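Working notes, beginning with the structure itself.
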Amino acid sequence: MDIESRLRNAFDLHQKGDLVGAAAAYQAILKETPDQPDALHLLGVILKDSGQAETAVSLITRAVELGSRSFATLNNLALARLAAGDGTGAADLLRALAAEPGLQAGERLGAELNLALARIKSGDGLAAMAGLADFLTSTDQLGGDVLLAAANLCQQADLDGARPAVTRLACALSPGEPTALFEHANALLDLGDLVRAERGLARLTERFPGDHDQTQKAWANRLFLMNFLPETTDGGVYETARAWAATLPEQRPDGTRLAAPAPLSRRGLSKLRIGYLSTDFRTHHFLMEALPVFEAHNRTAVEVVALGDVARPDAGTARVEAAVDRYVPLAGLSHGEKIAVLRAESLDVLVGLTGYRADQRRLLAERTASYQVIAINNIATTGLDTVDGHLTDAWIDPPDADPPRPATETLHRMPTGYSCFAGIPDAPPVERRHAGPVTFGSFNNLTKLTDPTLRLWARLLDRVPDSRLLVKAMALSRPGIRRAYENRMAACGLPMDRVDFAGAETDSSAHLRAMARADIALDPIPFPGGGSSREVLWMGVPVVTLTGATWMSRVGASILGRVGLDDLVTTTEATYLDAAAGLAADSDRLADLRHGLRARMGSGPLMDCEGYTRDLETLLTGLS
């Protein structure tokens with residue numbers, strides 16, 4: 001076969017996503033013809049995308065030296081330089097490339113967008129966006145898709161405040177495209193404008209009611225976002241979940257449904273085959289709840305299958321693979337292919353662990369197991385007729401609640417709680433509480449810091465003289481986001497000279513030590529902490545929570561109730577302030593909690609993962 005034919009075959013593999021096969025084919029060509037410019041260029045592209053940027057620069061530079069000076073080659077050389085850390089070199093090349101006569105309009109636009117990115121990476125974000133704005137105002141290429149690319153660059157340039165305006169213009173230029181509406185809502189959400197973000201998502205689902213990918217993501221984000229709004233109730237979550245379910249073809253009466261597996265009572269298998277489905281089988285605090293259950297299952301009675309829809313597997317994924325009997329990767333498959341895999345596993349029980357996500361909910365919308373249940377990382381009801389149960393508890397769903405929480409699933413109240421916690425074996429030791437004024441702390445996703453939360457915390461700092469507030473979140477590493485939240489906090493009455501910020505840490509130990517700087521952690525309202533609350537308790541820091549009108553708002557009560565801190569579970573803003581201020585005044589109790597919380601957690605139901613797993617097996621076996 002001649003070189004041209006072999007190049008076409010290699011490029012075909014490249015386009016199909018078989019990067020390993022394509023790289024091997026390019027390398028085989030270069031072994032025989034070391035100066036083949038196309039093979040040098042395209043192998044360089046693969047290496048650039050796989051983290052070998054310096055080698056990629058060498059290969060593509062050689063291709064250019066050999067006469068390959070197409071737009072694609074020069075543009076990829078610039079991107080390889082950028083990936084290798086040479087932002088200045090990349091910008092110089094792109095600036096010259098953008099000025100080349102004879103470029104196609106799309107090529108010039110691509111060069112300008114990449115030039116802006118290179119200047120951002122070089123630390124010149126404002127100039128980058130100013131230059132891009134000059135170009136966009138002088139071109140007839142200004143469409144919604146171009147503006148969405150510019151909005152993404154705004155975020156990378158730490159100009160988050162400009163994103164809503166850019167995405168709003170994209171919506172105006174692309175009224176028939178849901179992606180612009182979706183990105184506009186996300187831009188508002190990043191800045192903490194929850195009300196307008198929710199309205200935008202609601203508009204999207206109303207204007208594009210079909211099975212469009214962005215519409216399904218909008219439904220998922222809308223349902224999730226509702227839990228951040230103080231006026232939301234369990235009833236409102238249920239109605240929205242049912243409205244979303246009605247848009248899914250698998251849930252409609254006229255939808256095509258394959259025959260469901262036989263009920264558990266007719267399976268006749270010696271072992272119960274349980275499949276756990278999640279996108280979070282990776283390094284994530286969620287694993288502190290899931291892994292101990294996988295490990296505690298009685299293997300004489302249960303076979304454990306993990307179905308991992310994980311785009312970027314890591315060390316956490318390897319831990320899951322080691323803890324189960326069978327690991328089935330789903331990432332990269334189409335929806336139909338994933339359904340086929342689930343059916344082929346012949347599961348007795350499918351447990352959806354991240355059922356709030358659009359793609360995961362679509363999988364649960366079809367019956368691929370005899371019994372389907374949601375657990376751990378979910379937000380109340382799915383609204384799906386195909387999900388049979390929800391693992392919850394009596395703290396979140398009191399048996400005597402009147403009226404009971406509306407749900408399409410049967411509520412299975414687990415005796416030891418809706419989930420368990422394995423502790424953090426490699427956590428740093430608990431240190432003595434520092435002397436001086438009390439420090440309150442928040443370690444939650446910034447989206448949870450609603451205006452009612454910030455106003456409540458302002459009242460608390462006013463009530464406890466000299467106290468401070470530490471707010472730690474990964475997003476605060478971005479100066480633009482930090483500025484936006486500083487402005488919001490000041491507008492809500494917080495004394496900013498008593499507020500400290502902390503962003504991302506280099507490792508988990510540093511993160512946990514930063515948490516221990518606080519004396520008392522404050523749950524936001526109405527969406528409390530989950531994983532972050534367990535982490536901060538593990539570091540000896542008590543949490544004050546306020547229950548509300550949604551399933552999610554009562555998660556903090558479940559966590560605290562299982563470590564004997566019921567007096568820190570409050571039901572009104574007044575009692576929340578009383579509990580936090582009272583604890584701040586009790587230095588002896590704070591010292592006792594600092595040194596005794598780990599032992600208390602370890603001896604209580606929160607960390608009884610063996611008991612949780614036995615209860616789960618008893619529940620599922622009892623269904624047969």
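What accessible area per residue, rounded to a whole number of Å², is obtained for the range 1-144 using a probe radius of 1.4 Å? Show your work: numbers first, answer last.
Numbers: 7260 Å² over 144 residues.
Per residue, the range 1-144 has an accessible area of 50 Å².
Taking a straight Cα-Cα cut-off under 13 Å and skipping sequence neighbours fewer than 8 places away in the same chain, the aspartates and glutamates within cross-link reach of Lys448 are Asp190, Asp193, Asp523. Charging the Cβ of each Asp and Glu at -1 and of each Lys and Arg at +1, and nothing else, the dipole of the range 80-120 about its Cα centre rounds to 80 debye.
Express the accessible area of the range 295-380 per residue in Å², computed with a 1.4 Å probe while the remaining protein chains stay in the model. Write out the running numbers ahead of the final one.
Working: 3050 Å² over 86 residues.
Dividing the accessible area of the range 295-380 by its residue count gives 35 Å².
Normalising by residue count, the chain has a Cα convex hull of 183 Å³ per residue.
Think of the chain as a dipole: +1 on every Lys or Arg Cβ, -1 on every Asp or Glu Cβ, centred on the Cα centre; then among Ala490, Val64, Gly106, Ala490 lies furthest on the positive end. In the chain, the DSSP-assigned H stretches of four residues or longer account for a calculated mean residue ellipticity at 222 nm of -15500 deg cm²/dmol, using -39500 (n - 2.57) per stretch and the full residue count as denominator.
Each principal axis of the Cα cloud of the range 349-480 was taken in turn, and the coordinate range along them, longest first, works out to 58, 38, 35 Å.
Residue by residue, the range 317-329 carries 3J(HN,Hα) couplings of 4, 4, 5, 5, 4, 6, 8, 10, 7, 8, 10, 10, x Hz when phi is fed to the Karplus relation 6.51 cos²θ - 1.76 cosθ + 1.60 (θ = phi - 60°); x denotes Gly or Pro.
Give me the net charge of Pro415's neighbourhood, meaning all other residues with Cβ under 12 Å from the Cβ of Pro415; Lys, Arg count +1, Asp, Glu -1.
Details: positive: Arg413, Arg562, Arg614; negative: Asp393, Asp608, Asp615.
Taking every Cβ under 12 Å from that of Pro415, the sum is 0.
Across the options Gly436, Gln214, Leu79, the greatest Cα extent toward the positive end of the charge dipole of the chain (unit charges at beta carbon of Lys, Arg, Asp, Glu) belongs to Gly436. Under 24 Å of direct C-alpha separation, and excluding same-chain neighbours fewer than eight residues apart, Lys48 reaches these lysines: Lys16, Lys31, Lys121.
Taking Cβ atoms as reference points and 10 Å as the exclusive limit, the residues near Leu66 contribute a net charge of -1, counting Lys and Arg as +1 and Asp and Glu as -1. Keeping the other protein chains in place, figure out the carbon and sulfur percent of the accessible area of the chain, with a 1.4 Å probe. The C+S portion of the solvent-accessible surface of the chain is 51 percent.
When you restrict to C-alpha pairs under 8 Å that are six or more residues apart and normalise by the size of the chain, the relative contact order lands at 10 percent. P(r) tail for the range 62-133, what percent of Cα pairs lie past 15 Å? Cα-Cα pairs of the range 62-133 separated by over 15 Å account for 49 percent. Straight-line cross-link partners of Lys217 among the aspartates and glutamates, defined as a Cα under 15 Å from its Cα and at least 8 positions apart when in the same chain: Glu177, Glu183, Glu198, Glu206, Asp359.
Comparing Cα centroids, the range 399-451 and the range 594-616 end up 14 angstrom apart. For the pair the range 31-56 and the range 307-381, the centres of their Cα atoms are 37 angstrom apart.
Of all the stretches in the chain, which is the longest one without any exposed loop site, taking GluC sites (Glu not before Pro) in a DSSP loop (any state but H, G, I, E, B) with at most 13 other Cβ atoms within 10 Å? Walk me through the numbers before you get to the answer.
On the way: sites that count: Glu231, Glu431.
In the chain, the maximal stretch lacking such sites is 1-230.
Here the chain is assigned +1 on the Cβ of each Lys and Arg and -1 on the Cβ of each Asp and Glu. Its dipole about the Cα centre then comes out at about 280 debye. Using only Cα atoms, tell me the angle between helix 609-622 and the longest principal axis of the chain; keep it within 0 to 90° and round to the nearest 10. Approximately 90 degrees, to the nearest ten. Pairwise Cα distances in the range 349-410 exceed 17 Å in 34 percent of cases.
Since only Thr381, Leu342, Ala322 are under comparison, the one whose Cα sits farthest along the positive direction of the charge dipole of the range 297-382, derived from C-beta charges on Lys, Arg, Asp and Glu, is Thr381.
The values are calculated or read from the model by the stated rules, or taken from the named source; none is laboratory data. If you're wondering where the values come from, they're calculated on a predicted model, not measured in any experiment. Cβ: placed from backbone, ideal geometry, glycine included. Neighbour counts: every protein chain shown. We work out accessible area using only protein heavy atoms, side chains counted, and drop any ligands, DNA or RNA first. Shrake-Rupley method; radii C 1.70, N 1.55, O 1.52, S 1.80 Å.
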